[in-house]
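The structure under discussion appears below in the form of structure tokens.
The values are calculated or read from the model by the stated rules, or taken from the named source; none is laboratory data. Everything quoted here is computed from the prediction, not taken from an experiment. Cβ placement follows ideal geometry from the backbone for every residue including glycine, while neighbour counts extend to all protein chains displayed. Please note that ligands, DNA and RNA were not included when accessible areas were found on the heavy atoms of the full protein model with its side chains. Shrake-Rupley method; radii C 1.70, N 1.55, O 1.52, S 1.80 Å.
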Amino acid sequence: MRAFEDPSSLSYSRMTGTFYLAIALAGGFSILYVPVMLNVPGDPAATFDNIARHRGLFHAGLIGDVLMMTAEIFVSAMLYFIFRIVNPTLALAACFARLMMVAVMGSMLFFHAGALALADGNVPLGSFSEAQRLQLAGLMRHVHDAGVWIWQVFFCLHLILLGLLVMRSDLYPRLIGVGLLVGGTGYLVDSVQVFALPEAATLKAVKVALLMVVTAAELSFALLLILRGPRPSKPHAVQG
């Protein structure tokens with residue numbers, strides 16, 4: 001537990017970076033890989049047939065979700081304590097924004113469970129045909145997937161605030177802060193594009209470019225936390 005005691009120490013920084021990389025690995029598996037392997041766009045029956053045939057992969061994705069959300073809670077708190085010396089209000093707002101993202105992620109799992117119960121026939125709905133149950137299960141899975149575009153709004157806010165904190169501190173390179181701030185808007189662009197402008201090709205290209213920037217910035221930040229930690233900072237008062 002000593003590693004959690006001093007936010008200015010190298011051990012604290014390395015612990016934060018380790019949790020950050022755990023998020024990247026678990027999230028990449030559960031949010032990107034598993035849906036690509038199981039989802040069949042526009043065909044709920046084929047999707048749930050895939051889930052039935054690859055139930056182990058589906059459950060592994062749920063485990064990845066839980067591991068990711070657990071690591072997110074630690075990262076949220078640890079980043080707050082690292083950056084509260086820079087600006088306590090912005091650091092706390094960034095923490096709350098990231099925790100709101102985790103709350104939305106957690107609520108999405110209810111729709112996962114409901115969709116699976118409907119598809120498996122475990123819910124007593126005698127007035128529904130099998131086709132109707134699958135359609136309702138597909139709707140619940142669609143609502144689950146739509147949760148991604150909701151939590152991305154909170155994550156965008158977190159990254160903008162974190163970028164500002166990195167830029168204002170003397171602890172880490174300003175370029176990483178710029179990448180987090182600018183690239184983080186890609187999550188908001190993605191949500192807007194999916195909800196309102198699904199056919200906007202230019203917006204899609206902008207989104208992809210921004211998300212590449214923020215991914216590079218986040219990975220660089222995590223590796224910097226692990227390999228080097230914060231720069232030795234000069235004593236200074238908390239900035240308002």
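For region 176-234, which positions are at negative phi and not in a helix (DSSP H, G or I)?
Leu197, Pro198, Glu199, Ala200, Arg228, Pro230, Arg231, Pro232, Ser233, Lys234
In region 121-139, which residues are under 15 Å from Phe111 (Cα atoms), modelled with pLDDT of 75 or more and not small (Gly, Ala, Ser)?
If the condition is that a residue be under 15 Å from Phe111 (Cα atoms), modelled with pLDDT of 75 or more and not small (Gly, Ala, Ser), then Arg133, Leu134, Gln135, Leu136, Leu139 are the ones that fit.
Quickly run through region 121-144 and pick out the residues that are surrounded by 14 or more Cβ atoms within 10 Å (Cβ to Cβ), under 19 Å from Pro35 (Cα atoms) and out of contact with any helix residue (DSSP H, G or I) (no Cβ under 6 Å at 6 or more places or on another chain).
Within region 121-144, Gln135, Leu139 qualify.
When only residues in region 1-42 that are assigned to a loop (DSSP other than H, G, I, E, B) and open to solvent by 60 Å² or more (accessible area, probe 1.4 Å) count, which is nearest to Leu136 (Cα to Cα)?
Going through the qualifying residues, I end up with Gly42.
Could you check, for region 86-98, whether at least one of its residues is modelled with pLDDT of 90 or more, in a loop (DSSP other than H, G, I, E, B) and in contact with a Ser or Thr (Cβ under 8 Å, 6 or more places away or on another chain)?
Yes, region 86-98 contains at least one residue that is modelled with pLDDT of 90 or more, in a loop (DSSP other than H, G, I, E, B) and in contact with a Ser or Thr (Cβ under 8 Å, 6 or more places away or on another chain).
Residue by residue, here is whether (1) open to solvent by 60 Å² or more (accessible area, probe 1.4 Å); (2) at pLDDT below 95 holds:
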{"residue": "Ile160", "(1), (2)": "no, no"}
{"residue": "Ile176", "(1), (2)": "no, no"}
{"residue": "Gly179", "(1), (2)": "no, no"}
{"residue": "Val182", "(1), (2)": "yes, no"}
{"residue": "Ser191", "(1), (2)": "no, yes"}
{"residue": "Val194", "(1), (2)": "no, yes"}
{"residue": "Ala201", "(1), (2)": "yes, yes"}
